[in-house]
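*Asks:* The structure that follows is given in the form of structure tokens.
The values are calculated or read from the model by the stated rules, or taken from the named source; none is laboratory data. No experiment lies behind these values; they were computed from the predicted model shown. We place every Cβ from the backbone using ideal geometry, glycine too, and count neighbours over all the protein chains shown. Just so you know, the surface numbers come from the protein's heavy atoms only, side chains and all, with ligands and any DNA or RNA stripped out. Shrake-Rupley method; radii C 1.70, N 1.55, O 1.52, S 1.80 Å.
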Amino acid sequence: MADELGELTKRARREIADAADEAALEAVRVRYLGRKDGELTTRMKAVAALPAAERPAAGAALNRAKAAVEAALAERERALRARSLDEQLAGERVDLSLPGRPVRLGRLHPISRTIRDITRIFLSMGFESVEGPEIEWDYYNFEALNIPTGHPAREKWQTLWISNPLGDDPSRPLLGRTHTSPMQIRVMEQRKPPIRVVIPGRCYRYEATDAIRESIFFQYEGLAIDEKLTMSDLKGVLYAFARQIFGGERKIRFRVDYFPFTEPSAEIAFDCFACEGRDPQCRVCGGEGWIEAAGCGMVHPDVLRRVGYDPARYQGFAFGGGIERIAMLRSGAPDIRLFYQNDLRFLEQF
């Protein structure tokens, strides 16, 4: 058998060397190592029929022959692939001295970047970022925030009401939320104090657009509930936020305002970046020299009672403002509508 296997191995090596391409090489492999009718495979199956004394020597000889054929196949396959690659490269004309085509990298939209910066700053002060539904019940958007049906404060929010295709429930009308404040109630219903959350999100109002107003826009809302919180805590948080988001150059105005769900209430405004208060015809600030950036105040006791909190034990403050206005202040963009016109000449500046 040794002589026979030697001749078979030599013949296999000659055929492997003569294989002109990978298809011919595969045919040789099947002829000798095929699972069903391969010459070496057939002989290895026949070992079982040999006398027990002859099997070890026959098996070892067959394994040596198989290893030799497999090594010759692998070497020829590498040679054929290298030749194929050389032929392919020889047929291509590539000027390796030319610089490669640059990959255009994407970037965050300025509003998305502002949302991340706002969230990061309040995170550093112990606030957790949460999100809420954009389609909201009237109860959370108005009723629970101390704005019952018929209250004159509802006129401040030009509401986009939504018709439910499954049938409207007169007691639970739906709307595109006009502010992110409804999430204050949802958070307080689900948690017990202490609470510190910031809520960024999209809002909807039915109103004409101009240089500083859009009908679809983003707001951020903050809420803190704990024992012994005061207005000075609120001012400290907002001034710290203003210093981190704008730096020390912007002037800040903090004055009394009115919101139904806070008492007392205040507004924060920043000096106009466009005219710095010197242009009575400025389309950004309307000639006032100040741009309102956030409303704030101490959470109204009635709002606390509605969610089961004891106003004698717990106090809290809330604040909220437009994210686009912050982006305008930081970038110097003269018109809020530029952020949503998808003009790359504008967006690629950021």
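Residue-wise test of (1) at positive phi; (2) among the aromatic types (F, W, Y); (3) open to solvent by 50 Å² or more (accessible area, probe 1.4 Å).
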position: P194; (1), (2), (3): no, no, yes
position: F218; (1), (2), (3): no, yes, no
position: R255; (1), (2), (3): no, no, yes
position: E288; (1), (2), (3): no, no, yes
position: A293; (1), (2), (3): no, no, no
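*Asks:* Hey, can you tell me all the residues within the range 155-178 that are part of a loop (DSSP other than H, G, I, E, B), open to solvent by less than 50 Å² (accessible area, probe 1.4 Å) and either among the hydrophobic types (A, V, I, L, M, F, W, C) or closer than 12 Å to Y204 by Cβ (or both)?
*Replies:* Result: W157, T159, R177, T178.
*Asks:* Something else now. Having 1 or more residues that are within 33 Å of the chain's Cα centre (by Cα) is the bar; report the helices (runs of 4 or more DSSP H) wholly within the range 242-350 that clear it.
*Replies:* Passing ranges, in order: 323-331, 344-347.
*Asks:* Which pairs turn up if I take residues in the range 304-324 that are charged (D, E, K, R) and look for partners that are open to solvent by 60 Å² or more (accessible area, probe 1.4 Å) and in a loop (DSSP other than H, G, I, E, B) with beta carbon separation below 8 Å, at least 6 apart in sequence or on another chain?
*Replies:* R313/E227
To keep it simple, each residue is scored yes or no on (1) farther than 27 Å from C282 by Cα; (2) basic (K, R); (3) modelled with pLDDT of 90 or more.
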{"site": "M183", "(1), (2), (3)": "yes, no, yes"}
{"site": "E189", "(1), (2), (3)": "yes, no, yes"}
{"site": "P194", "(1), (2), (3)": "yes, no, yes"}
{"site": "P200", "(1), (2), (3)": "yes, no, yes"}
{"site": "C203", "(1), (2), (3)": "no, no, yes"}
{"site": "A211", "(1), (2), (3)": "no, no, no"}
{"site": "S215", "(1), (2), (3)": "no, no, no"}
{"site": "F218", "(1), (2), (3)": "no, no, yes"}
{"site": "A224", "(1), (2), (3)": "yes, no, yes"}
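*Asks:* Then there's this: Restricted to the range 95-130, and to residues that are assigned to a loop (DSSP other than H, G, I, E, B) and either touching a Pro at 6+ places or on another chain (Cβ under 6 Å) or of a type in the set (D, E, K, R) (or both), which residue is surrounded by the most Cβ atoms within 10 Å (Cβ to Cβ)?
*Replies:* Applying the first criterion (assigned to a loop (DSSP other than H, G, I, E, B)) to the range 95-130 yields 95-109, 125-127, 130.
Restricting the remaining residues to those that are either touching a Pro at 6+ places or on another chain (Cβ under 6 Å) or of a type in the set (D, E, K, R) (or both) gives 95, 101, 104, 107.
Working: D95: 5, R101: 6, R104: 6, R107: 11.
Looking at the filtered set, the residue picked out is R107.
*Asks:* For P152, only one of the following conditions fails: (1) loosely packed, with under 11 Cβ neighbours inside 10 Å; (2) at pLDDT 90 or above; (3) within 23 Å of G321 (Cα to Cα); (4) not basic (K, R). What is its number?
*Replies:* Result: P152 fails condition (2) only.
*Asks:* Same structure again: Just one of the numbered conditions (1) open to solvent by 70 Å² or more (accessible area, probe 1.4 Å); (2) modelled with pLDDT of 85 or more; (3) not polar (S, T, N, Q) is not true of A67; which one?
*Replies:* (1)
*Asks:* Is the range 226-243 home to any residue that is basic (K, R), crowded, with 16+ Cβ neighbours inside 10 Å, on the phi < 0 side of the Ramachandran plot and modelled with pLDDT under 85?
*Replies:* no
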